[in-house]
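The values are calculated or read from the model by the stated rules, or taken from the named source; none is laboratory data. Because the structure is predicted, anything quoted here is derived from the model rather than measured. Please note: Cβ atoms are built from the backbone with ideal geometry, for glycine as well, and neighbour counts cover all protein chains shown. Please note that ligands, DNA and RNA were not included when accessible areas were found on the heavy atoms of the full protein model with its side chains. Shrake-Rupley method; radii C 1.70, N 1.55, O 1.52, S 1.80 Å.
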Amino acid sequence: MNETIRTILERASIRGFTATPLTQDERDLLVRAALATPSGMDAQPWHFTFVADQTTIAAVSEAALDTFRRAGNQTVLDRMAARHPSLFYGAAVVVFISLAPGASSIEAGIAAQNLALAARSLGLGSCIIGLAGAAFSGPDGPALSERLDFPEGYVFGISVAIGHPAVDKAPHASDPAKVTWIG
Ligand SMILES: Cc1cc2nc3c(=O)[nH]c(=O)nc-3n(C[C@H](O)[C@H](O)[C@H](O)COP(=O)(O)O)c2cc1C
């Protein structure tokens, strides 16, 4: 099968990683894949913050979990507790995509998928992490945005956890009923 199609069909969300760091080559290719993302009118309304520093990754995870605790959102807390102590599942690198004022979250979504597919094609695992947004709506939000070098006025769009997979997961089931083909 065509290699790109296979990468798309075989990608799945990985929720457990080894401690093996990414090589410089892997880091460089992920950066290139992120920057290759298309955007409306080529506005490139984003900033990519690649974080391999585990203390910083843990700080974002804790801030997000804190928001859920303060909101009494036991459903999310229970789901996360059953999965991993960290929102980012022990990933070697987390990419935070922040968006310029007024930018569409579609732009962040396309970048996230570029990263997820690039990771898969490099033999790495990934998981898109939307729950991390809770970190930026809590009291630590402004300090975290600054720590992650979000440009002035940019807001969290989405994040992607990437690393060497410690678990395996099959792709989700496709539902042909969700397709209409005319002509
Ligand atoms: C916008 C978006 C946000 C997501 N946020 C999370 C998240 O916070 N935590 C998580 O474990 N998975 C998250 N996921 C992964 C989805 O749960 C996953 O894509 C879905 O269950 C389908 O499984 P698959 O990716 O293995 O095909 C997110 C996916 C998307 C597209």
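Data overview
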item: At R0 = 30 Å, FRET efficiency that the Cβ-Cβ distance of ASP53 and ASN2 yields, to 0.05; result: 0.20
item: In the stretch 106-183, trypsin sites (Lys or Arg not before Pro) in a DSSP loop with at most 16 other beta-carbon atoms within 10 Å; result: LYS169
item: Dipole of the chain, positive direction: furthest Cα of LEU99, PRO176, GLN24, with charges on the beta-carbon; result: PRO176
item: Kirkwood Rh in Å, taken over the chain so that all alpha-carbon pairs contribute; result: 17.1
item: Rounded D (µm²/s) - the stretch 60-118, Kirkwood Rh over Cα pairs, Stokes-Einstein at 10 °C, 1.306 mPa s; result: 118
item: Protection-proxy order for peptides 24-37, 70-83, each taking the mean of Cβ atoms within 10 Å per residue, highest first; result: 24-37, 70-83
item: Positive-end extreme of charge dipole, the chain - chosen from VAL76, SER121, TYR89 (charges on Cβ); result: VAL76
item: Residue-normalised accessible area of the stretch 1-137, expressed per residue, 1.4 Å probe, Å²; result: 49
item: Percentage relative contact order, the chain, counting C-alpha pairs under 8 Å, at least six apart; result: 37
item: At R0 = 25 Å, FRET efficiency that the Cβ-Cβ distance of ALA173 and ALA36 yields, to 0.05; result: 0.25
item: The chain - mean residue ellipticity at 222 nm from DSSP helices (-39,500 (n - 2.57) per run, n ≥ 4, rounded to 500); result: -12500 deg cm²/dmol
